[in-house]
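J.: Handing you a structure now.
The values are calculated or read from the model by the stated rules, or taken from the named source; none is laboratory data. What you are looking at is a predicted structure, and each value in this text was computed from that prediction instead of being measured. Using ideal geometry, Cβ is built from the backbone for each residue, glycine included, and neighbour counts are taken over all protein chains shown.
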Amino acid sequence: MLFEKKIRWYKLFDSMEAANSFVKTGTLNSINVGNKKICLANTVNGLFAVNDKCPHNGASLSNGYCSSEGSIVCPVHRYHFDLKTGRAKSGGGDCVDTYPIEVREDGVYIGFSETVWNLF
């Protein structure tokens, strides 16, 4: 196979405590990682990462809020996006990119999928 998908991991924080300090439970915050602007959402179900740009009109999702149903709400038109899947809750075809978060012994990481060339 000449091309394969891999996940490149970037360290966000040294600990979960640092992550909780940066984005309090029930809130959102934006962070730039790997040339991407990411919206971090800290919920009672954990830490989630999505692309910070609303696919509907480009608004910064980190200026919105977290709903009690586990979705992120766009600040402009109030579109809801599921934090786990990125799909619009309204039934529309819009979706936002989601990124995996891993909590490891040495910190909190975010993963971005990339296609790499592999000759062997």
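J.: Scan region 75-94 and report the pairs whose first residue is surrounded by 17 or more Cβ atoms within 10 Å (Cβ to Cβ) and whose second residue is of a type in the set (A, V, I, L, M, F, W, C) and not in a strand (DSSP E or B), with Cβ atoms within less than 7 Å and a gap of 6+ or a chain change.
T.: Pairs found: Tyr79/Cys54; Phe81/Val96; Gly86/Val96.
J.: Which of the numbered conditions does Ile7 fail, given that it passes all the others? Conditions: (1) touching a Pro at 6+ places or on another chain (Cβ under 8 Å); (2) free of Cβ contacts under 8 Å to residues at least 60 places away in the same chain; (3) loosely packed, with under 15 Cβ neighbours inside 10 Å.
T.: All conditions are met except number (2).
J.: Within region 57-103, how many residues turn out to be part of a loop (DSSP other than H, G, I, E, B), among the β-branched types (Val, Ile, Thr) and under 13 Å from the mean Cα position of the chain (by Cα)?
T.: The total comes to 2.
J.: Any idea which of (1) closer than 18 Å to Glu102 by Cα; (2) exposed (fewer than 12 other Cβ atoms within 10 Å of the Cβ) is the one Leu2 doesn't satisfy?
T.: (1)
J.: Take Ser67 and tell me if it is in contact with a strand residue (DSSP E or B) (Cβ under 8 Å, 6 or more places away or on another chain) and either surrounded by 14 or more Cβ atoms within 10 Å (Cβ to Cβ) or under 19 Å from Glu102 (Cβ atoms) (or both).
T.: Answer is yes for this residue.
J.: Sticking with this structure for a sec: Return yes or no: is Asn20 among the polar types (S, T, N, Q), under 14 Å from the mean Cα position of the chain (by Cα) and surrounded by 14 or more Cβ atoms within 10 Å (Cβ to Cβ)?
T.: In short, no.
J.: Follow-up. Surrounded by 15 or more Cβ atoms within 10 Å (Cβ to Cβ), within 22 Å of Leu12 (Cα to Cα) and modelled with pLDDT of 95 or more, is that true of Asp97?
T.: It is true that Asp97 is surrounded by 15 or more Cβ atoms within 10 Å (Cβ to Cβ), within 22 Å of Leu12 (Cα to Cα) and modelled with pLDDT of 95 or more.
J.: Moving on. Name the residue that is surrounded by the most Cβ atoms within 10 Å (Cβ to Cβ), counting only residues in region 34-44 that are without any contact (Cβ under 8 Å) to a residue 60 or more places away in the chain and either small (Gly, Ala, Ser) or not in a strand (DSSP E or B) (or both). Even if it seems obvious, please write down each step before you answer.
T.: Just the residues of region 34-44 that are without any contact (Cβ under 8 Å) to a residue 60 or more places away in the chain, to begin with: 35, 37, 39-44.
Retained after the next criterion (residues that are either small (Gly, Ala, Ser) or not in a strand (DSSP E or B) (or both)): 35, 41, 44.
Working: Asn35: 6, Ala41: 26, Val44: 9.
The residue in question is Ala41.
J.: OK, next. In region 49-75, what residues are hydrophobic (A, V, I, L, M, F, W, C) and under 11 Å from Gly26 (Cα atoms)?
T.: Cys66, Ile72
J.: Looking at the structure I just gave you, is Ser21 assigned to a helix (DSSP H, G or I), modelled with pLDDT of 95 or more and out of contact with any strand residue (DSSP E or B) (no Cβ under 6 Å at 6 or more places or on another chain)?
T.: yes
J.: Can we say Ile31 is without any contact (Cβ under 8 Å) to a residue 24 or more places away in the chain and either over 30 Å from Trp117 (Cβ atoms) or part of a strand (DSSP E or B) (or both)?
T.: yes
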